[in-house]
Amino acid sequence: MNTNEIAPAVRTKNITYAVRDVLLIANEVAKTGKEMLYLNIGDPNIFDFATPRPMIEASYKAMLENKNGYGPSSGIEPARESIAREAERKGIKNIQDIFVTTGASEAIDICLTALVNQGENILTPTPGYPLYTAIQSKLQMVENPYYLNESNGWQPDIEDIKSKINEKTRAIIVINPNNPTGSNSTPETLKQIIDLALEHNLVIFADEIYDKLLMDGESHTSLASLNSEVPVITFGGLSKNYLAPGFRIGWGIMSGNRSVLKNYIEAINKILRSRLSANHPIQYSIPVALDGDQSHLEEVVQKLTKRRNLTMEMLNAIPGITCEAPRGAFYAFPRLHINNSDSHFVAELIKETGVVVVPGSGFGQVPGTQHFRVVFLPPEEILEKAYKSIGSFFEKYVEKFEKAGTNV
């Protein structure tokens, strides 16, 4: 019998997903009986947030009506029409196609697969959501990160973007509001990105999954609303704004010059047809969500604002940690003023305290800087307990590894 190991595909070698990879350490610590405080995954439903009931009822009704077979590849018409209305409210014009997918993640994967060849590159925000770099590895693209400017509220660094565009660049990714920093890009910044895309014939992927979760009275500008000719795919979904990550429903809205986009649109639809359809009955919750009562958002934003404020107050009070205030979403990206790696800091933090955060290196960061991401979805008492633990641990960590000159 041949017992040689089965070799995995080379394309999987560099695929990482820090948000869940950190659980490999956390699960081992949890086995010891230590109390665990999870600040690593952006799932509102494991805390005191709940999916609006009308969305659940709409999906349940569709199931009872036996809408349980395959759906259209691009999504059911009521859902696509509702997404179109939502796009109009966002100011998006010249829409060429709309498609419903298994979460925004699938939309992103399909659109990158249909666009980028092996050896080409996309400009990915750094820090940014690790899904993009995971897909980048799978498709054997060349890494091409651009940096967000921490000293400017984590706005995209336009000069850095300019310097990174080359003949193999196909797209610019813009995550706004940003995960993991919670920044909200200004219209001026977005217009400069649009100008670069038009100049270099690039597609813009506008990931706007958190567009309704803004604090301090800030408003969100949808990138595609600023120019009706530039090729943009705007990604959205039910997971964050509508507190339904387990529904796995997302979408893409393609807008821009039809003559430029027509072949790309067909390539996307080839993949959509080959994977059949997104979850059929759950799609009936989309019109209820987008066109229905939005009152849940006020309560969500109120909770997040209180928890963001607590996060800023407690983390910035720890000597050696500084944090730019997030404007949207439910993440903060504190900076660690240490010599060792953030991965080492986080691993030691989890082992010592049971507080689970994600190392900044999992999202990308300016070389020579160290960060970690916290999710401030949990109730204040949990956050307060976690941040106190981080503060006392940081002091011990500095004594043990920094002042002792132990670099690991």
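Arrange Glu81, Glu28 by Cβ neighbour counts within 10 Å, fewest through most, would you?
Glu28, Glu81
Restricting the count to DSSP beta bridges whose residues both fall in the chain, what percent are antiparallel, rounded to a multiple of 5?
Given both bridge residues lie in the chain, the antiparallel proportion sits at roughly 55 percent.
So how far apart, in nm, are the two label points at Gln192 and Ala267 if each is 7 Å from Cα heading toward Cβ?
Output for this residue pair reads 2.9 nm.
Neighbouring Cβ atoms within 10 Å as the yardstick, rank Met314, Met1 fewest first.
Met1, Met314
Give me the Debye-computed log₁₀ of I(q)/I(0) at q = 0.11, 0.12, 0.14, 0.15 Å⁻¹ for the range 53-291, equal point scatterers on Cα only, no solvent, two decimals.
Log-scaled intensity ratios, in q order: -0.54, -0.64, -0.88, -1.01.
Dipole of the range 22-91, Cα-centred, from +1 at each Lys and Arg C-beta and -1 at each Asp and Glu C-beta, to the nearest 20 debye?
Here the size comes out at about 60 debye.
Given the range 105-261, what percent of its DSSP beta bridges are antiparallel, to the nearest 5?
DSSP beta bridges in the range 105-261 are roughly 35 percent antiparallel.
Going down the table (Lys90/Lys138; Lys31/Lys240; Lys31/Lys396; Lys61/Lys303), which pairs top 29 Å between alpha carbons?
From the list (Lys90/Lys138; Lys31/Lys240; Lys31/Lys396; Lys61/Lys303), the Cα-Cα distance tops 29 Å for Lys90/Lys138; Lys31/Lys240; Lys61/Lys303.
At 7 Å along Cα-to-Cβ for each site, give me the label-to-label distance between Glu218 and Thr369 in nm.
For the pair Glu218/Thr369, the computed spacing is 1.5 nm.
So between Lys168 and Asp291, what do we pick up on full extension, going 0.36 nm a residue minus the alpha carbon distance?
40.2 nm
Please identify, among Met254, Met63, Met141, the residue showing maximal mean-square fluctuation in a Gaussian network model of the chain using a 10 angstrom Cα cutoff.
Ranking Met254, Met63, Met141 by mean-square fluctuation puts Met63 first.
For Rg/Rh (Cα atoms, Kirkwood Rh), several values are listed as (i) 1.04; (ii) 1.11; (iii) 0.97; flag the one computed from this structure.
Recomputing Rg/Rh (Cα atoms, Kirkwood Rh) here gives the entry labelled (iii).
Under the classification rounded if a/c is under 1.5, otherwise prolate if a/b is larger than b/c and oblate if not, where does the range 182-304 fall, given a ≥ b ≥ c as square roots of the Cα gyration tensor eigenvalues?
Values: a/c = 2.69, a/b = 1.16, b/c = 2.32.
Verdict is oblate for the range 182-304.
Roughly speaking, what is the centre-to-centre gap between the range 240-293 and the range 150-179 when only Cα atoms are used, to the nearest Å?
A separation of 25 Å, based on Cα centres.
Can you compute the charge dipole magnitude of the chain about its Cα centre, using +1 on each Lys and Arg Cβ and -1 on each Asp and Glu Cβ, nothing else charged? Give it in debye, rounded to the nearest 20. Present the calculation step by step, with values, prior to reporting the outcome.
Details: 40 positive and 47 negative charges, 157 e Å.
Value, rounded to 20: 760 debye.
Take Trp251, Trp154 and order them by how many other Cβ atoms sit within 10 Å, fewest up front.
Trp154, Trp251
Any chance you could give the angle, 0 to 90 degrees and rounded to 10, that helix 77-89 forms with the longest Cα principal axis of the chain?
So the inclination is approximately 70 degrees.
Anyone know which of Ser295, Ser361, Ser74 comes out most mobile in the 10 Å Cα GNM of the chain?
Highest fluctuation of the listed residues: Ser295.
As a check on your grasp of the helix formula, calculate [θ] at 222 nm for the chain: sum -39500 (n - 2.57) over DSSP H runs of n ≥ 4, divide by the residue count, round to the nearest 500.
The helix-only estimate for the chain comes to -11500 deg cm²/dmol at 222 nm.
Rounded to the nearest 20 debye, what is the charge dipole size of the range 75-129 about its Cα centre when +1 sits on each Lys and Arg Cβ and -1 on each Asp and Glu Cβ?
It works out to roughly 240 debye.
Taking +1 at the Cβ of each Lys and Arg and -1 at the Cβ of each Asp and Glu, which of Gly292, Tyr210, Thr113 sits farthest along the dipole of the chain towards its positive end, judged by Cα position relative to the Cα centre?
My answer, from the dipole projection, is Thr113.
Where does helix 258-274 land angle-wise versus the long Cα axis of the chain, in degrees 0 to 90, nearest 10?
It works out to around 80 degrees.
Among Ala84, Pro54, Ser274, whose Cα projects farthest towards the positive end of the dipole of the range 53-291, with charges put on the beta-carbon of Lys, Arg (+1) and Asp, Glu (-1)?
Towards the positive end, the residue furthest out is Ser274.
Considering only Asn68, Asn316, Asn45, give the residue with the highest GNM mean-square fluctuation for the chain, with springs between Cα atoms whenever their separation is below 10 Å.
Largest GNM mean-square fluctuation: Asn68.
Net charge near Leu261, counting Lys/Arg +1 and Asp/Glu -1 over other residues with Cβ under 11 Å of its Cβ? Write down the numbers at each step before the final one.
Numbers: positive: Arg258, Lys262; negative: Asp97, Glu229, Glu266.
In short, -1.
Relative to the present Cα-Cα distance, how much length would full extension add between Glu352 and Val260 at 0.36 nm per residue of separation?
So the chain would gain 27.6 nm between Glu352 and Val260.
Using Cα atoms only, what is the angle between the long axis of helix 103-113 and the major principal axis of the chain, expressed in degrees (0 to 90) to the nearest 10?
The two axes meet at around 70 degrees.
Expected output is a single nm value to one decimal: the length gained when fully extending between Glu28 and Asp43, i.e. 0.36 nm times separation in residues minus the C-alpha distance. What is it?
3.2 nm
Taken together, the values in this text are just the output of simple stated rules run on the coordinates, not laboratory data. Treat the numbers as computed from the prediction; the structure is a model and nothing was measured. Counting neighbours? That spans all protein chains shown, and the Cβs are built from the backbone with ideal geometry, glycine included.
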